[in-house]
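Beneath this line is the structure, given in structure tokens, with notes to follow.
The values are calculated or read from the model by the stated rules, or taken from the named source; none is laboratory data. No experiment lies behind these values; they were computed from the predicted model shown. Methodologically, a virtual Cβ is constructed for each residue, glycine included, from the backbone with ideal geometry; neighbour enumeration extends over all protein chains shown. These area figures cover heavy atoms from the full protein model, side chains too; ligands, DNA and RNA do not enter into them. Shrake-Rupley method; radii C 1.70, N 1.55, O 1.52, S 1.80 Å.
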Amino acid sequence: MIRTVTDRTPPAVNELVSLWERSVRATHAFLTEAEIFKIKPFVPRAIVNVGTLVVAEKSGAPVGFMGVQDGRLEMLFLDPEARGQGLGRKLLSYGIENLGVEELTVNEQNPQAVGFYEHLGFRTHRRTDLDEEGRPYPLLYMRLASVRA
């Protein structure tokens, strides 16, 4: 079940932070343990402050979530156990169809995510050598191919 979350209670946010961490450990091999530890304190605030938070649940527990702000996918994370089952596609399709998602940013060093977004019609229109915090993680800025630059 996919639903928009309106009540971002501390227990619900903590559950999503735990899901975020499992997802990052499975997909962001370029991050060290120390870097994950440094980033983690910022995740609850990002989850609370994103415009629209959408959660995918299985048996009442979150197995994936995405955050959307002003037509931009700000975050999409899946529990490692839920990967490869079409859940990411369902979430992103929901975002495109219902929330107007047309843009996103992805770590270039996460080739599975880059391929996933390309497969769903996103194309890179800009690249940076550093992430938003100035760390050496190249970012790809992508738009839906049907959206003009």
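The table below gives the values:
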{"quantity": "Residues being open to solvent by 40 Å² or more (accessible area, probe 1.4 Å), within 15 Å of Arg72 (Cβ to Cβ), in contact (Cβ under 8 Å) with a residue 24 or more places away in the chain and part of a helix (DSSP H, G or I) - total across segment 98-122", "calculated": "1"}
{"quantity": "Matching option when the condition is under 19 Å from Phe122 (Cβ atoms) and not in a helix (DSSP H, G or I), among Val63, Val54", "calculated": "Val54"}
{"quantity": "Single match in Leu76, Leu19 (criterion: touching a helix residue (DSSP H, G or I) at 6+ places or on another chain (Cβ under 8 Å) and surrounded by 18 or more Cβ atoms within 10 Å (Cβ to Cβ))", "calculated": "Leu76"}
{"quantity": "Sole exception among (1) exposed (fewer than 13 other Cβ atoms within 10 Å of the Cβ); (2) of a type in the set (Lys, Arg); (3) not in a helix (DSSP H, G or I) for Arg45, by number", "calculated": "(3)"}
{"quantity": "Test: Leu78 is in contact (Cβ under 8 Å) with a residue 40 or more places away in the chain and under 12 Å from the mean Cα position of the chain (by Cα)", "calculated": "yes"}
